[in-house]
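> Dumping the structure here so I can ask a few things about it.
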Amino acid sequence: GGGGQAEQADELRVALGERELLYTHPSFVRYEASTRRAVASITKAFVDRLRDPASKLPAALIQIVQAVLYLLGNKQSEVGSWTTCRKLVSPHLAKELMVLDVRVKVKKHKFSLASEVMAGMTPGEAETAGGAPAR
């Protein structure tokens, strides 16, 4: 079976043991840990804020969401405009990201589009893009 990233991570942990995995696959461990942290931070309130046409969102946050939607397989014609893009944000965004396996399911073209959207953004901008959760 294709299994998602989380299932593969669990299988690898069982096969190698936590400690050995850290030594044998450090980049995988970092990637998996950062993915889990990012996905865990996606709350219902955050998704509602993204979907709400009245929300004034920082440009960096819009760029990140557009890049993520490209990686999830959406078309350039749908993602290019924030008006149409925000409608693609699923209430189940966190679940979609947990099962996304970028090694298998993402076409090179989608990586290029995501990269173009994120061009010039610093890690600091990316980290603070979400701002405070909506009240």
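> Which condition from (1) assigned to a loop (DSSP other than H, G, I, E, B); (2) modelled with pLDDT under 80; (3) farther than 18 Å from Asp52 by Cα is the one that Pro133 breaks?
(3)
> Additional query: Give me the residue from the stretch 84-96 that is touching a residue at least 12 places away in the same chain (Cβ under 8 Å) and open to solvent by 30 Å² or more (accessible area, probe 1.4 Å) and, out of that set, farthest from the chain's Cα centre (by Cα).
Result: Lys87.
> Select from the stretch 97-120 the residues that are closer than 18 Å to Gly4 by Cβ and either part of a helix (DSSP H, G or I) or of a type in the set (Phe, Trp, Tyr) (or both) and write down the one among them that is most open to solvent (accessible area, probe 1.4 Å).
Checking each candidate, the answer is Val99.
> What's the total number of residues in the stretch 39-66 that are closer than 20 Å to Ala119 by Cα and either assigned to a loop (DSSP other than H, G, I, E, B) or in contact (Cβ under 8 Å) with a residue 40 or more places away in the chain (or both)?
7
The values are calculated or read from the model by the stated rules, or taken from the named source; none is laboratory data. Quick caveat, the model's predicted, so the values are computed rather than measured. For neighbour counting, all protein chains shown are included, and Cβ atoms are generated from backbone atoms with ideal geometry for every residue, glycine included. What goes into the accessible areas is simple: the full protein's heavy atoms, side chains included, and nothing from ligands, DNA or RNA. Shrake-Rupley method; radii C 1.70, N 1.55, O 1.52, S 1.80 Å.
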